[in-house]
Amino acid sequence: MVYVLVVPGPINDAVDARILEWHAEDGRPLSPGDLIVELETNKAIVEIRAAQSGVFRRRLWPEGTWRRMGNPLAILSDAAESPLPETPDGLPIWQTEFQLT
């Protein structure tokens, strides 16, 4: 199955988050707890970690980009050979855990 990673929210009343640093590369297998991306809101740094195993497939936005809560960040899948859609529209949301620092 193919999934979309979204900006989690709400986070401390923030509306937007900036992508600070990607920690996952295209094609990289992920295990629960692996750091995927760090985001910045107007109040905190947010670490987004995998809550399930899978494969990081494609970044949708580069570092430095601001995105609204709930908007897509990346595409992931259960298996590396799963075909990817042209857009993330309608994909189920990838389960994550996030921690504020």
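The values are calculated or read from the model by the stated rules, or taken from the named source; none is laboratory data. Keep in mind that this is a model prediction, so the values were computed, not measured. Cβ coordinates were reconstructed from backbone atoms using ideal geometry, including for glycine residues, and neighbour counts include every protein chain displayed.
I'd like to check something: does region 41-62 contain any residue that is out of contact with any Pro (no Cβ under 9 Å at 6 or more places or on another chain) and aliphatic (A, V, I, L, M)?
yes
Restricting attention to region 48-74, and to residues there that are touching a residue at least 40 places away in the same chain (Cβ under 8 Å) and among the β-branched types (Val, Ile, Thr), which single residue is nearest to ASN12 (Cα to Cα)?
Looking at the filtered set, the residue picked out is ILE48.
Can you tell me which residue in region 75-101 is farthest from the chain's Cα centre (by Cα), limited to those that are more than 20 Å from PRO10 (Cβ to Cβ), surrounded by 17 or more Cβ atoms within 10 Å (Cβ to Cβ) and among the hydrophobic types (A, V, I, L, M, F, W, C)?
By that ranking, first place goes to LEU91.
Within the bounds of region 21-43, is there any residue that is over 17 Å from GLU97 (Cβ atoms), out of contact with any Ser or Thr (no Cβ under 6 Å at 6 or more places or on another chain), hydrophobic (A, V, I, L, M, F, W, C) and surrounded by fewer than 16 Cβ atoms within 10 Å (Cβ to Cβ)?
Within region 21-43, none of the residues are over 17 Å from GLU97 (Cβ atoms), out of contact with any Ser or Thr (no Cβ under 6 Å at 6 or more places or on another chain), hydrophobic (A, V, I, L, M, F, W, C) and surrounded by fewer than 16 Cβ atoms within 10 Å (Cβ to Cβ).
Out of region 52-68, which residues are touching an Asp or Glu at 6+ places or on another chain (Cβ under 7 Å) and surrounded by fewer than 17 Cβ atoms within 10 Å (Cβ to Cβ)?
Passing the criteria: ARG58, GLU63, TRP66, ARG68.
Give the residue that is modelled with the lowest pLDDT, with candidates limited to residues of region 1-18 that are farther than 20 Å from VAL55 by Cβ and touching a Pro at 6+ places or on another chain (Cβ under 9 Å).
This residue is VAL7.
Can you name every residue in region 40-64 that is farther than 24 Å from ALA79 by Cβ and among the polar types (S, T, N, Q)?
THR41, ASN42 - these are the residues of region 40-64 that are farther than 24 Å from ALA79 by Cβ and among the polar types (S, T, N, Q).
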